[in-house]
Amino acid sequence: MTPKLIDPFHRAINYLRVSVTDRCDFRCVYCMSENMTFLPKKELLTLEELDRMCSTFIGLGVEKLRITGGEPLVRRDIMTFFHGMTRHLEAGTLKELTLTTNGSQLERFADDLWAAGVRRVNISLDTLDDEKFARVTRWGRLPQVMKGIDAAQRAGMRVKINTVALKGFNEDELFTLAEWCAERDMDLTWIEVMPMGDLGNEDRIGQYWSLKDLRAQLAERYTVTDLLERSGGPARYVRLEETGQKIGFITPLTHNFCESCNRVRLTCTGELYMCLGQEDQADLRKPMRDHPDTNEPLVAAIEAAIGRKPKGHDFDYSRQRADGQVSRHMSHTGG
Ligand code: SAM
Ligand code: SF4
């Protein structure tokens, strides 16, 4: 298909990440405060509106959808939405339907997700230690997530583990996590912690553990080869020659991926963020709700928004201040 959404920097936008809820059954320390206030239900796009929105984007050339949140699998009846997207997979217009999840509900939903056409899933997991897991997620329990990972693999899905690198927290699990993923044939990606939202007294800079340090530590034990392949996203990959395993690094605080950025993000209230690290957004809910019988105003709003997609973001930790900090939570934009 000829790409229809081209931004001012000649990037074709074919990847939409959709947050389907701001709620979550965990309260990860770097993502949410303990007593979060969530949006009133009427603010959220209904499941029908989510379908209409995603279908419109697919009509405009979006080929990859990633469903996220909050925790996408805590949204009531969310499987109705996934099954709705199956028609686009079957038509060949949508090439991939995936989700990012904390894994807590996967035991329940893995088979159904597979039936809807989901072949890959990203599961966030920062530690293999029960007690540390409870500490970092505040409300989560590791055995439940482990059952979810088992269920996803049993269903046939390819699993990638996403781990947020946290200084003084999971530094000592660099090798155990890599080995555990290798044993289970799962990919592993480390994410640098980003300055998102107001999380109370959390010292985010204290939590920051540079992926450069992490790569250097890996190189003490393994032969680390940089791979050139890119997903159009912020991940860079290395291969550990001794095990053949591929490990990803997401370094959102550098600008090394903006030039190949192919994605935009839709919040659960229908705001379109053209860049994870910028405040500019477009309200797509209004043109959709105001015109139940035609998508033309919605399409026009999407095209106008893509026309404003910025070149890159402004995060900067360099002077030990979280400059360029974005005030919204990750659970709002969907990580
Ligand atoms: N609840 C799901 C989950 O945890 O996978 C999906 C939403 S969560 C916001 C998406 C991803 O964002 C997770 O991998 C999480 O670790 C990551 N994340 C949340 N806050 C972050 C932050 N401040 N910096 C970097 N990554 C963050
Ligand atoms: Fe929930 Fe995911 Fe945020 Fe953790 S990272 S609080 S699981 S939305």
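When Thr46, Thr37, Thr98 are screened for being of a type in the set (S, T, N, Q) and within 23 Å of Val299 (Cα to Cα), only Thr46 passes. All conditions in (1) at pLDDT 95 or above; (2) basic (Lys, Arg); (3) away from ligand 1 (no atom under 12 Å from the Cβ); (4) more than 23 Å from Asn262 (Cβ to Cβ) hold for Arg138, with the sole exception of (1).
The values are calculated or read from the model by the stated rules, or taken from the named source; none is laboratory data. A quick note: this is a predicted structure, and the numbers were derived from the prediction, not measured. For neighbour counting, all protein chains shown are included, and Cβ atoms are generated from backbone atoms with ideal geometry for every residue, glycine included.
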